[in-house]
Amino acid sequence: MLGASLITIAISFSSQARAQQSGAESEAVDASLDAEARALYEAGELAYQRGRFENALEHFSRAYKLSQRPELLYNIGSAADRLRLDEQALDAFLKYLEALPEAPNRAEVQSRIKVLQKTSRRQIEDTASEAAAVEKEARPEPESAEPEPTGEEVERVVEPVAPAEEPRIEPVAPEVEGAAGQGALPWIVAGTGVALGGAGAVLFIVGQGKISDVEGAERGSRWEDYEADADTGPTLANTGVVLIGVGAAALATGVAWLAVGGGKGGERVAVAVTPSGVTARGRF
């Protein structure tokens, strides 16, 4: 979401779209439209700063129709974005960059355009899925053309006999022995890996949930309700990924240590792989 700042227009609001007129009449019309456009712009800026984004959008749009100043397209897009009017905001931002390709905030606007395009595609897909579901529910189920069985056919029906289940023999996997002369330290490393991985998974799930809440917000939602999630969601998700990676590495190190670590005093550890899981036996 773009910041709360707007582009301040300090230059004259002279209309570029209307036809040229001559003499005193042209000057009078220009002055009148200039004053009206400036008044609308200032009213929109005040409404935006006070959180009245609907009023701000209306004032900016009317000022743009009178003056055709491309800077106002950015303000229109910002107000529409705050109101979650994604299509209108996207259209305004695209026209803004088209009119001002060297705009100083081009990178910021392009980043927001990518988010709005992604959201727009998702809304189109959701609408198509809902329409398909409604059409499927409304479609009548085809009636079965098979005739009902007669009395003789019913008598000839024989219940199939299920084949007897053969006894299943669980395979016994060979044990892989490794020395456990390193004491409890390998277990501590492996346990730490599991804990880090679990914490990372929790952070990743929470972060993704916040990101989904922001991207799936309903039209007309206030940005203030989602601003905190937009800031913390990516951070939590990225931290979760890092912790999962570190935890996996620590777990692998602990298991490898248990399997092939140096022996001492004849004490051994046996790791067995069975159909129900992995077990380790020994003294530490």
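The residue pairs whose first member lies in the stretch 212-230 and is outside the structural domain of Ile113 (by TED's automatic domain parsing) and farther than 11 Å from Thr119 by Cα, whose second member is basic (Lys, Arg) and assigned to a helix (DSSP H, G or I), and whose beta carbons are closer than 9 Å, counting only pairs six or more residues apart or on different chains, are Arg222/Arg82; Trp223/Arg82; Tyr226/Lys210; Ala228/Lys210; Asp229/Lys210; Ala230/Lys210.
Filtered by the rule that a residue be assigned to a loop (DSSP other than H, G, I, E, B) and at negative phi, the stretch 183-210 gives a lone residue, Ala184. For Thr232, the criteria (1) surrounded by fewer than 16 Cβ atoms within 10 Å (Cβ to Cβ); (2) assigned to a loop (DSSP other than H, G, I, E, B); (3) at negative phi hold in every case but one, which is (2).
The values are calculated or read from the model by the stated rules, or taken from the named source; none is laboratory data. Not measured: the values here are computed from a predicted model. Counting neighbours? That spans all protein chains shown, and the Cβs are built from the backbone with ideal geometry, glycine included.
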